[in-house]
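Bear in mind that the values in this text are calculations on the coordinates, not laboratory data. Note that the structure is a prediction, hence the values are computed from the model and not measured. Reconstructed Cβ throughout: ideal geometry from the backbone, glycine too, with neighbour counts over all protein chains shown.
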Amino acid sequence: QVQLVESGGGLVQAGGSLRVSCAASGRSFSNYVMGWFRQAPGKEREFVAAISRSGGVSYYAESVKGRFTISRDNAKNTVYLQMSSLKPEDTAVYYCASGDRGLPATMSSNYPYWGQGTQVTVSS
């Protein structure tokens, strides 16, 4: 069982930056692929980014490529999502997830474990 807790969400102006974090419980964090998803009001949950177990490989949705960076610190059992050049359309609840499928792992069904989400709001 893996428990995930996101933090770092908030309100930011368009063009600004924000980093969200996800702390995982358990001793097997490095065994899991980690992903970030987001869900805006009235929309389906969508894939944002994923990172391999070692952190050496990452994969991004086209909509965030070049603006967002996913990273992980296996010693701290934490995965991060650094978001830059934020746009109002990035406004959503951001969820981290963990799973044992290989990358790109873009489907929600690839991840059995989910956090509760953190709200990111980008004002225009």
Note to self: Under a Cβ-only charge scheme (Lys and Arg +1, Asp and Glu -1), can you give me the dipole magnitude of the stretch 7-70 about the Cα centre, in debye to the nearest 20?
What the structure shows: 120 debye
Item checked: For residue 93, net neighbour charge (Lys/Arg +1, Asp/Glu -1) across residues whose Cβ lies under 13 Å away -> -1
Check: Assuming R0 = 22 Å, what is the FRET efficiency of residue 100 and residue 45, from their Cβ-Cβ distance, to the nearest 0.05?
Finding: 0.65
Next item on the list: Would you mind checking which residues have amide H under 5 Å from residue 101's amide H? H placed 1.01 Å from N; only 5 or more apart, or other chain.
Entry: 33
Notebook entry, point to check: Taking the Cα centre of the chain as origin and charging only Cβ (+1 Lys, Arg; -1 Asp, Glu), how large is the dipole, in debye to the nearest 20?
Noted result: 200 debye
Next item on the list: Please report the orientation-averaged projected area of the chain, defined via the convex hull of its C-alpha atoms, in nm².
Entry: 6.7 nm²
Next item on the list: Step through the residues of the stretch 88-99 one at a time and calculate ³J(HN,Hα) from phi using the Karplus curve (6.51 cos²θ - 1.76 cosθ + 1.60, θ = phi - 60°), rounding each to whole Hz and writing x for Gly and Pro.
Entry: x, 6, 7, 4, 4, 8, 9, 10, 9, 8, 10, x
Checklist line | Of 24, 60, 113, farthest towards positive along the dipole that unit charges on Lys, Arg, Asp, Glu beta carbons give the chain | finding: 24
Next item on the list: Just tell me which lysines come within less than 22 Å, Cα to Cα, of residue 43; anything on the same chain fewer than 8 places away is out.
Entry: 65, 87
